[in-house]
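Everything on this sheet refers to the single structure shown next.
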Amino acid sequence: MNAVAMSPYRNRERLVDFDHMLGSWFSPVTRQVNTAQVTSPKIDIVETGAGFELQADLPGVREEDISVSVKEGVLSIEANPEEKVAEEKEQKTVIASERRTGKYYRSLKLGAMIDESAISAEYVNGVLTLTLPKSAKAESKKIQINAH
């Protein structure tokens, strides 16, 4: 019987290429900011013919509490869900609380191959999907070889 350990990254070479093309990821770990816990959302990245699709999990967050921005080549995703009203908490006794609450923040540096002006976003069922189209600069150009 042959046991094979599978990597969560099905195509490691493409992941390395993507990381190289877009730059480096910033702080993918939970950290403290202004005494509130901030967590990096889990993401998936898929290359399409026209660019890339990034999906970020933001469970329990309302669309109006999400901010996506690009500044100086850095794409930032931030979500600040409203805290439950203190009065509501006082009327209930929490027995167990395992679901994550708090702020989300993740940023990544975009390379020149992404058309920042054409990035679009959609939020459905707790998943933020960003479409990152390739710029005209990123398209490969065939070079004619002249034989002598």
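Matching residues to (1) among the aliphatic types (A, V, I, L, M); (2) in contact with a strand residue (DSSP E or B) (Cβ under 9 Å, 6 or more places away or on another chain):
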residue: V68; (1), (2): yes, yes
residue: L75; (1), (2): yes, yes
residue: D115; (1), (2): no, yes
residue: N125; (1), (2): no, no
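The single condition among (1) modelled with pLDDT under 50; (2) of a type in the set (G, A, S); (3) surrounded by 13 or more Cβ atoms within 10 Å (Cβ to Cβ) that S24 does not meet is (3).
Looking at T39, T35 in this structure, which one is surrounded by 11 or more Cβ atoms within 10 Å (Cβ to Cβ) and either at pLDDT below 90 or out of contact with any strand residue (DSSP E or B) (no Cβ under 8 Å at 6 or more places or on another chain) (or both)?
Working: T35 fails: surrounded by 11 or more Cβ atoms within 10 Å (Cβ to Cβ).
The conditions single out T39.
Does segment 67-75 contain at least one residue that is on the phi < 0 side of the Ramachandran plot, modelled with pLDDT under 85, under 16 Å from the mean Cα position of the chain (by Cα) and surrounded by 15 or more Cβ atoms within 10 Å (Cβ to Cβ)? No, the conditions are met nowhere in segment 67-75.
Restricting attention to segment 111-145 and to residues that are at pLDDT below 95 and charged (D, E, K, R), the residue that is farthest from R62 (Cα to Cα) turns out to be K142.
The values are calculated or read from the model by the stated rules, or taken from the named source; none is laboratory data. Predicted model, so just to flag it, every value in this text is computed and none were measured. Backbone-built Cβ (ideal geometry, glycine too); neighbour counts: all protein chains shown.
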